[in-house]
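I have placed the structure first, in the form of structure tokens, so that the comments after it can refer back to it.
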Amino acid sequence: MAGKMRNCQRCGKLFMQQNREKICRDCRDAEVEMENKVMDFVRSNPECKVPDIVEGTGAEEALVVRMIEEGRFEQTNLKSYHPCKKCGKEILTGQYCEACLSSMQENLQSVHAKIATSSAAAAAAKGKGMHSKNLGKTGKK
Ligand SMILES: [Zn+2]
Ligand SMILES: [Zn+2]
């Protein structure tokens, strides 16, 4: 027997689960239909914003956002405005705006720099220690 009975996360209906899906076939079909509708809408309204899509298609915002995050619109060379995950600024691609990306990169770089300096200092200290040890060894030889 393949799959097991479980409740659909969307409509609550019992369905036979296959491939670990969380929603029933009816909901899946409805979702695919909605995704197609959203794609059509974005295709005819390039650079539309998420609220426009929601209003124009009746799709849930979560679905539209998920499609953006999955890069669905990028695959068709279409981009859509959506809020930056950090500051909420409207952006066309990715999950964060450029400002947030660069500030995150700076944070990352300063963390890396700190690690680099401390590890360099540690390596230098270690190197000195090893060097004198080696000298001692060669001296004994
Ligand atoms: Zn369902
Ligand atoms: Zn941002």
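All other residues with a Cβ under 13 Å from the Cβ of VAL54 taken together, and with Lys, Arg as +1 and Asp, Glu as -1, what is their net charge? Present the calculation step by step, with values, prior to reporting the outcome.
Details: positive: LYS37, LYS49, ARG66; negative: ASP52, GLU55, GLU60, GLU61.
Local net charge: -1.
Return a whole-number percent for the relative contact order of the stretch 1-128, with Cα pairs under 8 Å and 6 or more residues apart as the contact set. Intermediate results must be reported in sequence, preceding the final value.
Values: 128 pairs, mean separation 15.9, N = 128.
Relative contact order, the stretch 1-128: 12 percent.
Please state, rounded to one decimal and in Å, the Kirkwood hydrodynamic radius that the stretch 1-96 gives when every pair of distinct Cα atoms enters the mean of 1/r.
On the way: mean 1/r = 0.0689 Å⁻¹.
Evaluated over the stretch 1-96, this radius sits at 14.5 Å.
Calculate the translational D of the stretch 42-115 in whole µm² s⁻¹ from Stokes-Einstein, where the hydrodynamic radius comes from the Kirkwood formula applied to all Cα pairs, the temperature is 37 °C and the viscosity 0.692 mPa s. Don't skip to the end; give the middle numbers.
On the way: Rh = 13.3 Å.
Approximately 246 µm²/s, per Stokes-Einstein.
Please list, in chain and number order, the residues 5+ apart from LYS85 or on another chain whose amide H is under 5 Å from its amide H, with Hs placed from the backbone.
Counting only residues 5 or more places away or on other chains, the set is TYR96, CYS97.
Extension gain GLU61-LYS86, at 0.36 nm per residue separation less the Cα-Cα distance, in nm? Spell out each step's value before the answer.
On the way: separation 25, 0.36 × 25 = 9.00 nm, distance 1.76 nm.
Length difference between fully extended and current span is 7.2 nm.
On full extension of the chain, what length is gained from ALA125 through GLU98, given 0.36 nm per residue of separation minus the C-alpha to C-alpha distance? Don't skip to the answer; put the middle values down first.
Details: separation 27, 0.36 × 27 = 9.72 nm, distance 3.93 nm.
Extra length available between ALA125 and GLU98 comes to 5.8 nm.
Which ordering of SER103, SER44 is given by a fewest-first count of other beta-carbon atoms within 10 Å?
Values: SER103 14, SER44 9.
With the sparsest Cβ surroundings first, the list reads SER44, SER103.
For ASP26 and SER110, compute 0.36 nm times the residue count separating them, minus their Cα-Cα distance, and round to one decimal in nm. Before the final figure, lay out the partial values.
Numbers: separation 84, 0.36 × 84 = 30.24 nm, distance 5.03 nm.
Roughly 25.2 nm would be gained on extension.
Since every read-out is calculated from the coordinates, none of them should be taken as a lab result. In this text the structure is predicted, and so the values were computed from the model without any measurement. Cβ sites come from the backbone with ideal geometry, for glycine too, and all protein chains shown count toward neighbours.
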